[in-house]
1. Would you mention how many residues in the range 135-158 are assigned to a strand (DSSP E or B), crowded, with 17+ Cβ neighbours inside 10 Å and touching a Gly at 6+ places or on another chain (Cβ under 7 Å)?
2. Considering each residue of the range 171-180, count those that are surrounded by fewer than 21 Cβ atoms within 10 Å (Cβ to Cβ) and either of a type in the set (S, T, N, Q) or under 9 Å from the mean Cα position of the chain (by Cα) (or both), and give that number.
3. Could you figure out which of (1) modelled with pLDDT of 90 or more; (2) buried (at least 17 other Cβ atoms within 10 Å of the Cβ); (3) hydrophobic (A, V, I, L, M, F, W, C) isn't true of Ala42?
4. Of everything in the range 273-298, what is surrounded by fewer than 18 Cβ atoms within 10 Å (Cβ to Cβ) and in contact (Cβ under 8 Å) with a residue 60 or more places away in the chain? Give them in sequence order.
Amino acid sequence: MKRIVYVLFTLFATQNFSYSQTKSQIDSLFGRIYEDRIIAAAENSNIFSTAAIAAFNSDAAFDFSGRDGLNCYRFDKQFILLNWGVPEEDGTVSYRGLLWGWDSSQKNYRLQVLNDVSSYQPFPEKEIYTPENWWGAYYYDCIASDGNTSGFYTFLGWNSSQPLYSQKVIETMRIKSDGSVEFGLPVFTSTSGATLRKFNVDAASTDYYAIERKVKSLPSENSDFTNGEQAENTIYGAGKKTSQKPVRRIVFKFSRKHDIILRYDYQTYTDKSGRKPKQRKENMIVFDRILPRDASLDGQASNYVPAGGVYDCFRPVGGKWQLTLNVIARNPNPKQPTRKPVRNKLQQ
């Protein structure tokens, strides 16, 4: 029966219907993912995916935007991404994506179906992912590169694949010349006084990265997070040789009863590179500093909450995202400078 449904709808979607009819059908099929029983959500998601592919094949300019819960990021001649979440019976969410990357040699789009593996890969910070094993999320913002962060795209996303805690992620993606993509680039750097601390916790909790300022040994200016981890390994006496793999994505893990700020914004930070500290304003990825509710809960992701009024950020510096502490996140949202990463036009 399922196969018949797929075949019939594929034939239906390729018929010569008007744009408005096709758009209405696509929106209706997407709505069924959330309106029907949860047990049927995955099946309805597959049906929608098949219909969306057929609609795109018939018209690469088809507009998928305008439906709540369905993100459409369109950078013509680069990629087009559809992204959504699928509720699971245990209260978690899995994620889906259709990505068409531009193949410059074939002068055509190359379809890649994103297969979410986040529910059983809770330690994604250093991994390179492909569409076949994608660490899924619901991407609510996309930042395109400019001269400062060239050659890749940065997503801000939400992930609710784990039953004990929530997650937000800063993900990066690069489009290759043949239209294929890879997720997770070593583009995160730190400044003097800022590093990433790795908690060693049991299997009931999770691996977790957080901001840590009180360190005895600090990474050098503009070092990547591998050096920062080596310093932390000495400080906390982990007793094991630190992996040389760089950090490729930033994952924040915190209590399901709370939410944290993670947004692309125009804010103020303190520049300490000169003789005297200066207050500077620019575009950055701002986020809450998160801490355990109690010192005894250190390392248990389900008990991490926002510190309250304490913010840090990643700034675009030299083609990478540089970690900077203590952002003054009170600025209104003025007209942003000309030189900046650019959001997807559909999302402004």
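1. 2
2. Within the range 171-180, residues that are surrounded by fewer than 21 Cβ atoms within 10 Å (Cβ to Cβ) and either of a type in the set (S, T, N, Q) or under 9 Å from the mean Cα position of the chain (by Cα) (or both) number 2.
3. Going through (1) modelled with pLDDT of 90 or more; (2) buried (at least 17 other Cβ atoms within 10 Å of the Cβ); (3) hydrophobic (A, V, I, L, M, F, W, C) one by one, Ala42 breaks only (2).
4. Asp298
The values are calculated or read from the model by the stated rules, or taken from the named source; none is laboratory data. The shown structure was predicted, so the numbers you read here are calculated from the model rather than taken from an experiment. Cβ atoms come from the backbone with ideal geometry, glycine included; neighbour counts cover every protein chain shown.
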